[in-house]
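The values are calculated or read from the model by the stated rules, or taken from the named source; none is laboratory data. Please read all numbers here as calculations on a predicted model, not as lab measurements. All Cβ positions, even for glycine, are placed from backbone atoms using ideal geometry, and neighbour counts span all protein chains on display.
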Amino acid sequence: MKQQIVSEKKILVVEDEKEIAELLTLYLGNEGYEVFYFTSSEGVLDFISENVIDLAVLDVMLPGSNGFTLLREIRKKWFFPVIMLTAKIEEADKIHGITLGADDYITKPFHPLEVVARVKAQLRRAGTYNTSLSKEEEYYNIRGLEIFPERHKVVLYGENIELTPMEFSILLYLCQHINQAVTSEELFEQVWHEKYLGNNNTVFAHIAKLREKLHENARKPKFIKTVWGVGYRMED
């Protein structure tokens, strides 16, 4: 483990190739982040338990427990943004990671500046880098589902629901367009801020995970309805 530059935001990098880990530490450190890196999953969970982490970058292929296993353990307790690094490009692997709670994917080889840009984007969405929705934030209450944008909090029938930043962004966008059919393309481009290329598996996987956390009946969802051939709609 190595530390780089003291800063308000703490970034955890778990990457088995030491050269890549050190390069990411350098680039992220130059942006003013406090960066910690591990070259295996050993000791990572203990470290997170003892430190406040704002975002993690996890390699999928790690010695011992792989990145998916580590992600699964992280999501049992923590909901900071997680970006996965992978040499694989199979859609199934990407969907698997998203289902486990990953917020973004970067395929190797990559330029370190791409990672920096993705980190900034995820921190913006989490509200820890810049609260971009602050001017239009308000309180939503949809039949017992309460959303507090400023506090990044969701409560369902009095129970706190822990969402990842990406899941929260999806839910908030649908709430802001209540009773409107939102296409998968619109949802992807507004939440991910990337060009939609016609594959809605990423959106589908996040919606499925969101419904699971909201205790939705997959066949008769109460809050997030599927508009077949179009996308999704949140109903009041």
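If you go through region 202-212 one residue at a time, do you hit one that is assigned to a loop (DSSP other than H, G, I, E, B) and either over 20 Å from E159 (Cβ atoms) or in the same structural domain as P165 (by TED's automatic domain parsing) (or both)?
No: region 202-212 contains no residue that is assigned to a loop (DSSP other than H, G, I, E, B) and either over 20 Å from E159 (Cβ atoms) or in the same structural domain as P165 (by TED's automatic domain parsing) (or both).
Inspection of region 67-87 finds a residue satisfying the criterion of being at pLDDT below 85, touching a strand residue (DSSP E or B) at 6+ places or on another chain (Cβ under 8 Å) and either in the same structural domain as H206 (by TED's automatic domain parsing) or loosely packed, with under 13 Cβ neighbours inside 10 Å (or both).
Looking at region 198-209, is at least one residue surrounded by fewer than 18 Cβ atoms within 10 Å (Cβ to Cβ), of a type in the set (D, E, K, R) and either under 25 Å from L100 (Cβ atoms) or over 21 Å from the mean Cα position of the chain (by Cα) (or both)? Even if it seems obvious, please write down each step before you answer.
If we filter region 198-209 for residues that are surrounded by fewer than 18 Cβ atoms within 10 Å (Cβ to Cβ), which is where we start, we get 198-201, 204, 208.
Filter once more, so that each one left must be of a type in the set (D, E, K, R): none.
Taking every residue of region 198-209 in turn, none turns out to be surrounded by fewer than 18 Cβ atoms within 10 Å (Cβ to Cβ), of a type in the set (D, E, K, R) and either under 25 Å from L100 (Cβ atoms) or over 21 Å from the mean Cα position of the chain (by Cα) (or both).
Condition check for T131 on (1) hydroxyl-bearing (S, T, Y); (2) within 13 Å of the chain's Cα centre (by Cα); (3) modelled with pLDDT under 90: one failure, at (2).
The number of residues in region 32-64 that are assigned to a loop (DSSP other than H, G, I, E, B) and either basic (K, R) or crowded, with 16+ Cβ neighbours inside 10 Å (or both) comes to 7. If you take the residues of region 210-236 that are among the small types (G, A, S) and surrounded by fewer than 20 Cβ atoms within 10 Å (Cβ to Cβ), which of them is nearest to H96 (Cα to Cα)? It comes out as A218. Of everything in region 109-125 that is at pLDDT 85 or above and charged (D, E, K, R), the residue that is surrounded by the most Cβ atoms within 10 Å (Cβ to Cβ) is R118.
Selection of region 138-197 for residues being among the hydroxyl-bearing types (S, T, Y), assigned to a loop (DSSP other than H, G, I, E, B) and either crowded, with 19+ Cβ neighbours inside 10 Å or in the same structural domain as I98 (by TED's automatic domain parsing) (or both) yields only T164.
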